[in-house]
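Trainee: One structure, pasted below without further comment.
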Amino acid sequence: MILKSKDLLGLKDMSAEEIEYILDTAKTMKYVLTSNSKRTPHLQGKSIVTLFYENSTRTRLSFELASKYMSASSANINSSGSSVAKGESLIDTGKTIDMMGTDVIVIRHPQSGAPHLLAKHVKASVINAGDGMNEHPTQALLDMFTIREKKGTLKGLKVAIIGDIYHSRVARSNIWGLTKMGAEVSLAGPATLIPPKLEMTGVRVYSTVHEALMDADVVIALRMQLERQKKALFPSIREYSRFFGLDENRLRLAKKDVLIMHPGPVNRGVELSSAVADHDQSAINEQVTNGVAVRMALLYLLTRRGTNEAAD
Amino acid sequence: MKLLIRNGHVIDVKTGIDGIYDLLVENGRIAGISTGIDPEGCEVIDATGKYVLPGLVDAHCHLRDPGYEYKEDIESGTRSAAKGGFTSVACMPNTDPVTDNESVVKYILNKAKNEGYVNVYPIGAITKGLKGEELAEIGELKFAGAVAVSDDGRPVKSSSLMKKAMQYASMFDIAIISHCEDTDLAEDGVMNEGYTSTVLGLKGIPAAAEETMVARELILSEYLDIPIHIAHVSTALSVELIRNAKKRGVRVTCETCPHYFSLTEEACMGYDTNAKVNPPLRTARDVQAVIEGIADGTIDIIATDHAPHHIDEKRVEFSLAANGMVGFETALPLAVTKLVKPGIITMKKLVEKMSFNPARLLGISKGTLEPGSTADITIVDIDAKFTVDPVRFESRSKNSPFGGMELYGLVWCTIVNGRPVVSEGVLL
């Protein structure tokens with residue numbers, strides 16, 4: 001099997017088979033990652049550049065370590081202290097990176113669609129590490145990897161996603177990915193933070209957290225951006241937490257063995273009570289490990305395209 | 001000099017002419033329309049199988065001159081207009097400096113006189129600097145040659161200021177063209193709010209942002225009994241609100257643009273910045289309502305909202321891209337293909353909406369082939385088919401979402417003040 005596109009821009013346009021293939025590959029990578037010698041030659045001679053127009057600690061570090069564990073050369077560019085800050089266009093920046101012999105560009109950008117624009121103008125593979133409110137496909141892949149690892153499958157599972165759906169690229173990627181893989185997705189959040197016509201994507205949208213949580217196999221709480229309060233999207237953190245925060249009481253509505261996830265970083269006491277965040281069934285810390293495995297898999301699969309190996 | 005246009009299907013709304021005639025032009029004016037005019041001593045254009053129309057009048061375009069000549073200037077813009085069959089165009093005041101005073105109006109008129117391929121009529125600003133704070137000197141604008149006032153591109157946010165603008169402008173009998181957009185509701189949206197914006201993860205502009213201000217203008221117009229013209233109507237409810245108001249006798253006119261009856265929000269898929277425009281492309285239901293509004297006369301005018309932008313302003317992230325699309329060279333073919341060919345309107349109605357009514361709105365003696373009037377004529381072959389190729393546009397900018405589309409309606413001849421500027425489809 002081979003990935004259809006040179007790039008990973010989102011899960012929207014990816015097939016269930018491709019997603020399955022990435023998750024299977026990540027399983028092997030996790031084995032490497034958790035072994036004593038975290039070094040494979042898979043990306044020897046390959047060059048990876050992370051181009052981040054937004055601040056990020058974990059995603060960037062995750063990609064960087066994934067590259068290093070597989071022996072790639074890697075470099076970072078961030079929006080301050082580079083040509084980006086001088087007003088160079090995305091295409092010009094991309095072409096410059098491309099011409100230095102880069103195999104993969106990992107981009108995070110505040111504008112939806114920026115990775116798509118970049119991908120059209122460079123030879124390198126482009127991985128979307130989060131674009132505006134559009135997608136964050138590697139996060140959704142690591143979420144699906146975690147669920148599959150814990151539950152054995154994605155098909156038929158009931159997954160509840162709670163929080164600010166409107167601004168969440170994590171939610172969007174998970175919606176595309178999970179529905180393709182046969183999971184049942186239910187969503188809840190403040191009415192001001194639900195995108196229009198979301199039901200048309202094949203998910204259920206509820207106005208109370210109770211309905212969404214009912215009999216859930218998995219719950220994904222989203223990070224609440226505290227500054228949204230200033231734009232009158234919700235009255236206060238206190239009220240948000242009262243109606244949409246997950247505590248042990250609410251968790252009882254879900255299945256007994258519900259898996260608790262969060263893309264991080266967690267606002268303790270807001271989206272999740274500390275008891276829930278640190279719960280036995282919380283996979284929040286494992287999600288981080290799985291993120292590296294999924295990113296190793298993607299870097300490997302994308303750089304392998306076009307080589308002889310890709311024919312198998 | 002005598003010019004004879006023979007055997008074409010001549011349409012004129014004012015005189016009611018609609019049939020095969022010869023049309024004689026003498027000394028830059030229409031000398032007569034009848035059958036079997038003697039060609040002796042005339043330069044002859046054979047218009048057999050083609051329509052001979054009063055030159056098209058565009059009530060809404062952006063020529064970007066002065067200030068943004070890298071996008072378009074009066075020379076390139078009027079070349080593009082001529083190629084598209086327009087003989088008169090009214091250009092919006094969002095220039096730099098803003099067309100909010102006599103000297104900018106005079107500059108545009110002078111440059112158009114020297115370099116223009118078609119007649120140019122400046123539209124002045126409603127408020128100084130388009131800032132929505134103080135009235136522009138509307139009287140001075142009118143006497144300098146402005147044919148309407150508008151803050152196009154921006155709404156007049158204050159209802160009180162809009163009311164005063166309407167009252168003040170009515171004193172000079174000059175049209176007010178309102179760009180209806182509640183910018184609070186539109187917030188930082190970049191395309192229509194709906195399923196497509198959700199799929200693309202882009203912030204949406206709700207239809208209500210347009211509709212609430214359309215409603216405000218209708219109420220103000222009714223209250224003051226002063227006419228208002230609504231620019232670029234794009235939603236089903238806007239059409240319905242205007243239809244209702246007209247029934248009550250409100251003195252409202254309105255326009256739509258070819259993209260609002262030809263394209264839906266889905267044109268934005270793949271983050272195609274050429275489909276980014278304000279108001280945004282809407283849903284199939286809105287397109288249908290706009291078409292119905294055109295058919296039943298609710299929508300009086302088809303304007304281009306020709307909005308040229310440099311490629312560097314479009315080859316960027318969708319949210320950062322400039323709003324607007326060039327329109328002169330596709331407007332008539334789109335109207336022919338989407339409205340006339342499917343039988344939604346007749347060619348006579350098309351002439352009404354693209355020539356007669358806009359001329360009336362602007363108060364200019366255009367839009368007719370009545371003998372004695374200036375010979376502004378458009379000859380079009382509505383059966384000729386072509387593929388849109390933006391690279392070949394006369395406009396300096398190529399930002400069109402219609403590239404590759406097959407359309408009917410080739411502009412065969414554009415005659416301005418008795419002088420052909422486009423002949424056999426070629427700009428002279």
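Trainee: How big is Rg to Rh over chain B, alpha-carbon atoms, Rh as the Kirkwood inverse-mean-distance radius?
Mentor: On the Cα set of chain B, Rg over Rh gives 0.95.
Trainee: For region A:163-264, what relative contact order do you get, as a whole percent, if you take Cα pairs closer than 8 Å and at least 6 residues apart?
Mentor: 31 percent.
Trainee: May I pose another question? Measure off 7 Å from each Cα along the Cα-to-Cβ vector at B:Leu237 and A:Lys123, then give the distance between these two points in nanometres to one decimal.
Mentor: According to this spin-label approximation, the distance is 5.2 nm.
Trainee: Apply the Karplus curve 6.51 cos²θ - 1.76 cosθ + 1.60, θ = phi - 60°, to the phi angles in region B:247-260 and return the couplings in whole Hz, x for Gly and Pro.
Mentor: Per residue, the Karplus-derived 3J(HN,Hα) values read 4, 7, x, 5, 7, 10, 10, 8, 10, 10, 10, x, 5, 7 Hz.
Trainee: Report the net charge of residues surrounding B:Glu240, where surrounding means a beta-carbon distance below 14 angstrom and charges are Lys +1, Arg +1, Asp -1, Glu -1.
Mentor: Net of charged neighbours comes to +1.
Trainee: Where does the charge balance sit around B:Ala303 when Lys and Arg score +1, Asp and Glu -1, over other residues with C-beta under 11 Å from its C-beta?
Mentor: -4
Trainee: May I ask you to derive the relative contact order of region B:66-169, considering only C-alpha pairs under 8 Å and at least 6 residues apart, and to give it as an integer percent?
Mentor: Relative contact order comes out at 26 percent.
Trainee: In a GNM of chain B with a 10 Å cut-off on Cα contacts, which of B:Asn27, B:Asn417, B:Asn357 has the highest mean-square fluctuation?
Mentor: B:Asn27
Trainee: Now a separate question. Would you list the P(r) distribution for region B:95-253, with all Cα-Cα distances sorted into 5 Å bins from 0 and each bin expressed as a whole %?
Mentor: 2, 9, 17, 18, 17, 14, 11, 8, 3, 1, 0
Trainee: May I ask you to derive the relative contact order of chain B, considering only C-alpha pairs under 8 Å and at least 6 residues apart, and to give it as an integer percent?
Mentor: Dividing the mean separation by the residue count of chain B yields 20 percent.
Trainee: In nm, to one decimal, how far is the A:Lys38 label point from the A:Glu286 one, both placed 7 Å along Cα→Cβ?
Mentor: Each label point lies 7 Å from its Cα, and together they span 1.8 nm.
Trainee: Helix A:169-180 sits at what angle to the longest principal axis of chain A, using alpha carbons and giving 0 to 90 degrees rounded to 10?
Mentor: The angle comes out near 90 degrees.
Trainee: Give me the tail of P(r) for region A:132-212 as a percent: Cα-Cα pairs with distance above 18 Å.
Mentor: That fraction is 36 percent.
Trainee: Go ahead and set up a Gaussian network model of chain B, Cα springs under 10 Å, then flag whichever of B:Ala31, B:Ala82, B:Ala207 fluctuates most.
Mentor: B:Ala31
Trainee: Provide the descending list of Cα extents for region A:1-72 along its principal axes, expressed in whole angstroms.
Mentor: Over region A:1-72, Cα extents along the principal axes are 34, 31, 23 Å.
Trainee: For region B:214-277 and region B:283-307, what is the separation of their Cα centres, given in Å?
Mentor: 8 Å
Trainee: Take the alpha carbon atoms of region B:19-98, find their center, do the same for region A:111-138, and report the distance between the two centers in whole angstrom.
Mentor: 45 Å
Trainee: Right, next: Which is farthest toward the positive dipole end of the protein assembly as shown among B:Ser76, A:Ala212, A:Ala297, measuring Cα position about the Cα centre, with Cβ charges +1 (Lys, Arg) and -1 (Asp, Glu)?
Mentor: Selected residue: A:Ala297.
Trainee: In addition: Can you sort B:Met171, B:Met405, A:Met296, B:Met166 so the residue with the fewest Cβ neighbours within 10 Å comes first? Could you put the intermediate results ahead of the total?
Mentor: Values: B:Met171 11, B:Met405 17, A:Met296 29, B:Met166 22.
So the ranking, lowest neighbour count to highest, is B:Met171, B:Met405, B:Met166, A:Met296.
Trainee: Computed from the mean reciprocal separation of all distinct C-alpha pairs, what Kirkwood hydrodynamic radius does region B:275-375 have, in Å?
Mentor: Hydrodynamic radius (Kirkwood, Cα only) of region B:275-375 equals 15.5 Å.
Trainee: Restricting the calculation to Cα positions, tell me the Rg (one decimal) and the Dmax (whole number) of the protein assembly as shown in Å.
Mentor: So, for the protein assembly as shown, Rg and Dmax equal 30.1, 101 Å respectively.
Trainee: I've got another one for you. Between B:Ile345 and residues 5 or more places away or on another chain, which pairs have amide H atoms under 5 Å apart, with H built 1.01 Å from N, and which residues are they?
Mentor: Placed amide hydrogens put B:Val340 under 5 Å from B:Ile345.
Trainee: Cut-off 10 angstrom, C-alpha nodes, Gaussian network model of chain B. Which of B:Cys257, B:Cys413, B:Cys42 fluctuates the most?
Mentor: Taking springs between Cα atoms under 10 Å, the residue moving most is B:Cys42.
Trainee: Can you count the Lys pairs in region B:92-154 whose Cα atoms are under 21 Å apart, with each pair 8 or more apart or on different chains?
Mentor: 6
Trainee: In a shell of Cβ-Cβ distance under 15 Å around B:Phe143, excluding B:Phe143 itself, what net charge do Lys and Arg (+1) and Asp and Glu (-1) give?
Mentor: So the environment of B:Phe143 carries a net charge of -3.
Trainee: State the percent of C-alpha pairs, over all pairs in region B:1-96, separated by a distance greater than 20 angstrom.
Mentor: Across region B:1-96, Cα pairs with separations above 20 Å total 50 percent.
Trainee: If you don't mind, another one. 222 nm [θ] for the protein assembly as shown, helices only, -39500 (n - 2.57) per DSSP H run of 4+, per residue, to 500?
Mentor: -9500 deg cm²/dmol
Values in this text are rule-based calculations from the coordinates and carry no lab data. Everything numeric in this text was worked out from a predicted model, so none of it was measured. With ideal geometry, Cβ positions are generated from the backbone for all residues, glycine too; neighbour counts draw on all protein chains shown.
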